[in-house]
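What follows is a single structure, written as C-alpha cells, with notes after it.
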Amino acid sequence: MQQPISSIDRYILRLTVVPMLGVFALAASLLMLDKMLRLFDFVAVEGGPVGVVFKMLGALIPEYASLAIPLGLLLGVLLAFRKLATSSELDTMRAVGLSYNRLLRMPYAITLLLVGVNIALVFYIQPISRYYYEQMEYELRSGALGASIKVGEFTTLADRMALRIEESEDEGRRLIGIFARVSNKQGQVLSISAREGAFLATRDNPDTIILRLTEGTIIQDTGMKGQTPRVLSFSRHDLPIDLPAIEAFRARGDKTREYILPELLQIGWGERSPPQARDASLASFHFRLVEIVMMFLMPLLAVALAIPPKRSTSALGVFVSIIMVVAYHKINQYGEDVGALGRIDPVLALWVPFVLFAALIVWMYYRVAYVPGGQAIGALEMAFAKLSKRLGKLFVRRAPRAYRPPAETAPAE
C-alpha cells in the first residue's frame, strides 16, 4: 500500500515547519514586545490597571499574526531549501529527476493552509479585534476601566471636587494622607483632611462611590461674609463622590480597517455610498487581497533566494528576502493610503506593484529552476563576496616581521 505522503515530502515538511514556526513566534514576539512597552507606559500615565495591557495585546495578536504568517512561510521554505542546497542533498534529488516544482509540493500545501488562516484573520477576526482594542483604549482614557487617582497630584472629580492623596498601599485599598475640597452651587466649601481612607462601592447607585475617611478634620466655609468657618473633627466620615459620566464608545466602522469583508463590499460597490467612503473601502479591500494573494508567490521567492552559488555558504538571500517582503508591504500601505484619498484608482495603486513584484519573483525562480547554473541574485552574491573579503582583510591581524640586524660593512683599505 502506497503512503499518501512520500518520505521526501515528509522530510521537506519537517525542514520547513520547524523554522517557520520559530520565525513566526520570533516575529510576533518582537512586534508584541515593542507594543507592550508602549502600552505599559500609556497605562501608567492614564493610571489604569496593569491587566488591561495584556487584554490590549491579545486584541492585537490577529494584526501581528497577519504580518508574521507570510514572513514565517517565506523564511521557513527558504531555510529548508538552503539546508538542502548547502548539504548537497538538493543536487542528489535533482540528479534522480526531482524538479523544483515537485519539491515544492509540501510547501504549497502549507501555503494553502496558511492562506485560509490569513483570510479569516484579515477579513473577519482582525477588524473585530481592532475595534475591541480601540474600545479598551477609549475606556482607559475616559476612566471606565477603573483608572486610579494619581498619587501626589490633585485630581478633579465631577467638576466640584478636588482630591489629593499622599500615599497608596495594598494596591490602592489603603490611602494615606488625604485632602479633599468640595464645593456646591450655593458657594459652600468643605476642606477635608484625613489620616487614612478607602474607596467603597455602593449597591444602590453604581455611579456613586463612597470615600470612607478616618481620623480627620472638616473646615466648612458657608461663603457668607462675616461668618467664621466651622471646624469639626471626626473619627470616621463617609464622603459620597459622583463619578463622571462616560460617553458610550462609537459604533464599529468609524475606521475602514474595522469593516469585515461583506461590509467592505457593500460600501465599495454600493451606489449610495459617498465617493470618499467608497474609495477608502475599495483601497482597504484590495490591500488585504493583494497581501493574501502574494503568499502564493512566497515559496517561489524562497527557493530563488535559498540556493547560494556553488562552494559558497552565503546567507545573502535571507537578508534580501526580508528586505523585499518588508519593502513590498510598505509599498502596499502607501498604495492603500493614496487610493483611500482618491488620488489614484485603488486597483492601479495596489495591483500594479503586485504584478511587477510577481513578475520579478517568477523571473528569479525561472533562473534558478530552468537555467543551468543560473542564479537569481548572482551579481549581488559576487559583489557581497568581494565586499566580505575586503572587510575581512581590514580585521586580519598581520604577523610582525622578524627583526634583522643591519649588515656590518667591511672597513675600506
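Let me know the shape class of region 321-372, please: from the alpha-carbon gyration tensor, a ≥ b ≥ c as square roots of the eigenvalues, rounded when a/c is under 1.5, otherwise prolate if a/b is greater than b/c, or oblate.
Working: a/c = 6.84, a/b = 2.32, b/c = 2.95.
In terms of gyration-tensor shape, oblate.
Going through region 19-121, which chymotrypsin sites (Phe, Trp or Tyr not before Pro) have at most 11 other Cβ atoms within 10 Å and a DSSP loop state?
Qualifying residues, ordered by number: none.
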Residue by residue through region 11-16, which ³J(HN,Hα) values in whole Hz follow from phi under the Karplus form 6.51 cos²θ - 1.76 cosθ + 1.60 (θ = phi - 60°), with glycine and proline marked x? 5, 5, 4, 5, 5, 8
Using alpha-carbon positions, what is the distance between the centroids of region 38-98 and region 250-292, in Å? 27 Å
Determine the dipole magnitude for region 278-379: charges of +1 sit on the beta-carbon of Lys and Arg, -1 on that of Asp and Glu, nothing else is charged, the reference point is the Cα centre, and the result goes in debye to the nearest 20. 400 debye
From the phi angles alone, apply the Karplus equation (6.51, -1.76, 1.60; θ = phi - 60°) to region 121-135 and give each ³J(HN,Hα) in whole Hz, x where the residue is Gly or Pro. 5, 6, 9, 10, 6, 4, x, 5, 5, 5, 5, 4, 5, 4, 5
Of Tyr131, Ala44, Gly72, whose Cα points farthest to the positive end of the dipole of region 1-140 (charges on the beta-carbon: +1 Lys, Arg; -1 Asp, Glu; origin at the Cα centre)? Gly72
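Could you tally the net charge around Val23, taking each other residue with its Cβ under 15 Å from the Cβ of Val23, Lys/Arg +1 and Asp/Glu -1?
Details: positive: Arg82, Lys83; negative: none.
The answer is +2.
I need the peptides 232-241, 130-139 ranked by packing, meaning the mean over residues of other C-beta atoms within 10 angstrom, with the highest value on top. All intermediate terms of the calculation are to be shown ahead of the outcome.
Values: 232-241: 13.2, 130-139: 18.0.
The densest-packed peptide leads the list: 130-139, 232-241.
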Could you tell me which of the pairs Lys35/Lys255; Lys83/Lys310; Lys310/Lys330 are separated by over 24 angstrom between their Cα atoms in the structure shown? Lys310/Lys330
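Rule-based calculations on the coordinates, nothing more; no lab input. From a predicted model like this one, the values you see are computed outputs, not experimental measurements. A quick note on method: Cβ atoms are made from the backbone with ideal geometry, for glycine too, and the neighbour counts reach across all protein chains shown.
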